[in-house]
1. Order 384-392, 279-287, 49-57, 421-429 from most to least packed using the mean count of other Cβ atoms within 10 Å.
2. Set the bar at 31 Å for Cα to Cα. Now go through Lys98/Lys274; Lys98/Lys311; Lys224/Lys315; Lys36/Lys311; Lys36/Lys315; Lys274/Lys315 and name every pair that lies beyond it.
3. Work through the residues other than Ser168 whose Cβ is under 13 Å from its Cβ and net out their charges, Lys, Arg +1 and Asp, Glu -1.
4. So what's the net charge close to Cys269: Lys and Arg +1, Asp and Glu -1, counting the other residues with Cβ under 11 Å from its Cβ?
5. What does the highest-first list of 178-186, 38-46, 369-377, 120-128 look like by mean Cβ count within 10 Å?
Amino acid sequence: MTPSAAATCIKAEEGTLLPKPREQSRSVVQRSSRAKWSMLAILSVLSAINQAICYSYAPTDSIVETRWQERIHSEHLITIYFISYIPCSFLGSWVLDKFGLRFGVLLGGFLQAGGASLRYFSCSLDSSQEPYVTVLGQLLASFAMPFMVNSPAVLSANWFPSSLRATSTSVAINANAMGTAVVYLTAPFIVLSSDEIPYYNLCIAIIAGGAWVVALLCFRSYPKTGNTPKSHLEDNYDWSQWANAFSHSGFWHTVVAFSLAECVLNSICALLTKFLSVTAFSTSEIGVFGAAFIVSSLIGSQFISRYVDSKRNHKTALQLCLLLVVVGISLFRMVPKVEIHATLGSLLYLGFVLGPIQPIALELGVECAFPTSEATVAALQQLCGNFLSAVTVPTLSTLLRTQLSASGAEPSYDSPEWILATMATSTFVIMCFFHGEHKRYAHESKVIPPHSDHQQV
């Protein structure tokens, strides 16, 4: 040992150097705390952009459908997302588990930026080609969906302590819906005629490309610590976990709850202009309604998720929210649609009680299906939710088109709203028979082994 090294050791033993490591440790913790919220913000923005591309034409569907000469409808472009996710979810989960969170998020950001750019390019083509190239751009952007919706639970597990995971997952999941709110709030004021469609598409493409560049420069899979996680590039991916997840008690209940919330959310967002077609509301007013619905879901999600984080009573929270969703859908159906305040109030209430269901169901699914990976749980839930939406949204759209009479009045029976209310009621009954366990929490807290725990959710 050199004299200088020996002197350093002596000073350390005397205590003169002890405060410095503590200060360094505190500084590292503070940087890590800031970094985790930055990672959450980046993922949330990318996820919001993906959803914005999905619903970008919904608030102005009559204008764009006229531009495309009714060759395609706006809900068809939305359904593309639902359908493409079904095969792509397997690939997305594999990529996230195999190559890490950063790789998956960057790949998703690149795909959606490419899809948005292709949609802008389609505007330079002739009117007979534009709709079909737009569909190709929408399809390319939809390939990014698995990387956006499967990532929140992974990011929460990598960056956040268990006391904040429901909250962080809620932020990222509901940021996806925030993209829809932004579209409903901006599109009616930008797209006043078919001539504004190219400019509108250009704005979305620029935002998508800029967000991808920021993610490329800043996004990481894990905090910068001395213990770097082992690479999984050479591991064999466990495909059996997709089927094995359903062998865990209570997991399929969480899938049903998540799918119901996804279906109701997609139905309201995709068909809001048709639900309100019997009124004299302007496009901009309907846009404000749609944005308010989404924002209320974000507020409700954060409010209730924080409560769930502290109490860890996921089951009770889901049951309560599902019951209130039934009430909310019923109110939306029964209020006179010509009454602007009553209609807006029913949408705000429905959004507030609907928003918490998905993040809570996702976290509960991860807990009771442990050690199934977070990406696989998210993929399975989203897969079932998108499949249900792919069937329900076009069906309800057709029902709305055929049941609206010449006078604009709907029949009082088997309306889309009552169908959704019946689905929500059935889901509430299913959740009453949930008997899952907090396996991940028990494992991480070292209370009991992950395969023999008995802590009820």
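Here, each number is a calculation from the coordinates, and none is a lab measurement. On a predicted model such as this, the values are computed, not experimentally measured, just so you know. When we count neighbours, we look across all protein chains shown, and the Cβ atoms used for this are built from the backbone with ideal geometry, even at glycine.
1. 49-57, 384-392, 421-429, 279-287
2. Lys98/Lys274; Lys98/Lys311; Lys224/Lys315; Lys274/Lys315, as the Cα separations exceed 31 Å there.
3. Result for the local shell: 0.
4. -2
5. Put in order of decreasing packing, that is 369-377, 178-186, 38-46, 120-128.
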